[in-house]
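Right, one structure below, let's go through it.
Just so it is clear, none of the values below were taken in a lab; they were calculated from the coordinates. Worth saying up front: this structure is predicted, and the values here are computed from it rather than measured. Quick reminder, even Gly has a Cβ in these numbers, built from the backbone with ideal geometry, and neighbours come from all protein chains shown.
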Amino acid sequence: MVVVMASDATEEQIAHVTERVESVGGQAFVSRGVVRTIIGLVGDIDSFHGLNLRSMPGVANVHRISDPFKLVSRQHHPDRSTVWVGPAGNKVPIGPETFTFIAGPCAVETASQTLEAAEMAKAAGATLLRGGAFKPRTSPYAFQGLGVKGLEILADVRETTGLPIVTEIVDARDVAVVAEHADMLQVGTRNMANFGLLQAVGDAGKPVLLKRGMTATIEEWLMAAEYVAQRGNLDVVLCERGIRTFEPTTRNTLDISAVPVVQAWSHLPVIVDPSHAGGRKDLVVPLSRAAIGVGADGIIVDVHPDPEHALCDGPQALLGTELRALAQAVRQLPPVLGRVDALERIRG
Ligand code: PEP
Ligand code: MN
């Protein structure tokens, strides 16, 4: 941390800052310039926060040097991480060496719809199945998901297809039941800053897929990941799913630059959700190509056997031509960038 003193700060004010820093066990290095004095702090950053340095007389500004998200930062963990998802013997990697394709229905509606969507996903090359049993809907009148029945359907479909399951959790009270059925717990955009939920999923002992809040900065998103990591769970995969901007043509605006920025700041894998970003099936393939090109560690995509009758997010669900084009992109483009298919990595 660096404390910048005001140009008219007195010697007493400078001495006061150094004394307070030393009182909490830190060291203060005073550097006097022509106009201003700056003080470099070395020590435990959390104890400096408790000092309220900004409110001290003569202090003009305080700058942080180290990342506030310690556990998920690359500052102390330079190598990028791989998160493994699935039951023992059938774990799928998400990380820097592979490109992981996750697909499935937005919501679990019936057993046959989920199985059909999973088979479509698998045929297109997906190695993990997505599907919401608890749906965080904007309207309380919209389909809220099948709840525990939906989790049971997902578990049956995993049995049939072999695809491990990623599913959303919206309420901390459901952590045990969701963790019992799912292989990865998803925290959606609307709950990214639900800190109690983040702590609860951090305690659940399963990998976590943490979507970016639709109005969250990258730093806020990484601080949310830090809540999970702080509970001893570093198996967190970040998901860029578009942010709110003034542009109404697309459902959200995919912040593609967030991918390399996050990869530079954090060791956690980062994937892209082109379906919820664009909200339109015609954009899923181009946005997926962009995600692969920018170095994302995977994508998560909505598919549905009958999008016209989908209970949730039908307009963005893939079927037919678009799904074939996506399967082709996912097969052909990642190797150009040096990534192997998740399945190849499993097989060694
Ligand atoms: C979802 O993946 O089903 C979902 C609701 O996504 P998001 O939280 O990104 O809106
Ligand atoms: Mn959805």
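Every Cα-Cα pair of the stretch 99-166 was included, and the share exceeding 17 Å stands at 35 percent.
In order along the stretch 230-235, the Karplus-derived 3J(HN,Hα) couplings, from 6.51 cos²θ - 1.76 cosθ + 1.60 at θ = phi - 60°, round to 5, 8, x, 10, 9, 7 Hz, and Gly and Pro are given as x. Here, the stretch 278-348 yields an orientationally averaged convex hull projection of 5.2 nm² when only Cα atoms define the hull. Applying the Karplus relation 6.51 cos²θ - 1.76 cosθ + 1.60 with θ = phi - 60° to the stretch 54-70 yields 3J(HN,Hα) values of 4, 8, 6, x, x, 8, 8, 7, 10, 10, 8, 9, 8, 5, x, 9, 6 Hz, where x marks Gly and Pro.
Close amide H pairs (under 5 Å, H built 1.01 Å from N) link THR37 with MET5, residues at least 5 positions away or on another chain.
Using equal-weight Cα scatterers in the Debye expression, the normalised intensity of the stretch 175-258 in log10 at q = 0.13 Å⁻¹ is -0.40. Evaluated with a Cβ-only charge set (Lys, Arg +1; Asp, Glu -1), the stretch 158-269 carries a dipole of roughly 180 debye about its Cα centre, given to the nearest 20. The helix-only estimate of mean residue ellipticity at 222 nm for the chain, built from DSSP H runs of length n ≥ 4 each weighted as -39500 (n - 2.57), is -10500 deg cm²/dmol after division by the residue total. Among beta bridges identified by DSSP and lying wholly in the chain, the antiparallel ones come to about 40 percent.
For the chain, find the longest principal axis of its Cα atoms and tell me its angle to the long axis of helix 320-336, 0 to 90°, nearest 10. Between helix and principal axis, roughly 50 degrees.
Taking 7 Å steps out from each Cα toward its Cβ at LEU319 and TYR141 produces label points 2.6 nm apart. On the principal axes of its alpha-carbon atoms, the chain has extents of 75, 44, 43 Å, going from largest to smallest.
The spacing between the stretch 125-146 and the stretch 201-234, judged by their C-alpha centroids, is 20 Å. Under 5 Å between amide hydrogens, built in the peptide plane, is the criterion, and for GLY86 it picks out VAL92 among residues at least 5 positions away or on other chains.
A Förster radius of 25 Å, combined with the Cβ-Cβ distance separating GLN13 from ASP46, puts the computed FRET efficiency at roughly 0.55. Against the main long axis of the alpha-carbon atoms of the chain, helix 281-294 sits at an angle near 50°. If you average the C-alpha positions of the stretch 262-289 and of the stretch 33-61 separately, how far apart do those two centres end up, in angstrom? If you average the Cα positions of each part, the centres end up 39 Å apart. From the alpha carbon centroid of the stretch 66-88 to that of the stretch 296-348 is 25 Å. What Kirkwood radius, in Å to one decimal, follows from the Cα pairs of the stretch 2-63? This gives a value of 11.3 Å.
With the Kirkwood sum run over all distinct C-alpha pairs, the stretch 212-348 has a hydrodynamic radius of 15.9 Å. A simple rule links phi to the HN-Hα coupling: the Karplus curve 6.51 cos²θ - 1.76 cosθ + 1.60 with θ = phi - 60°, which for the stretch 84-96 gives 9, 10, x, x, 3, x, 9, 8, 10, x, 10, x, x Hz, with x for Gly and Pro.
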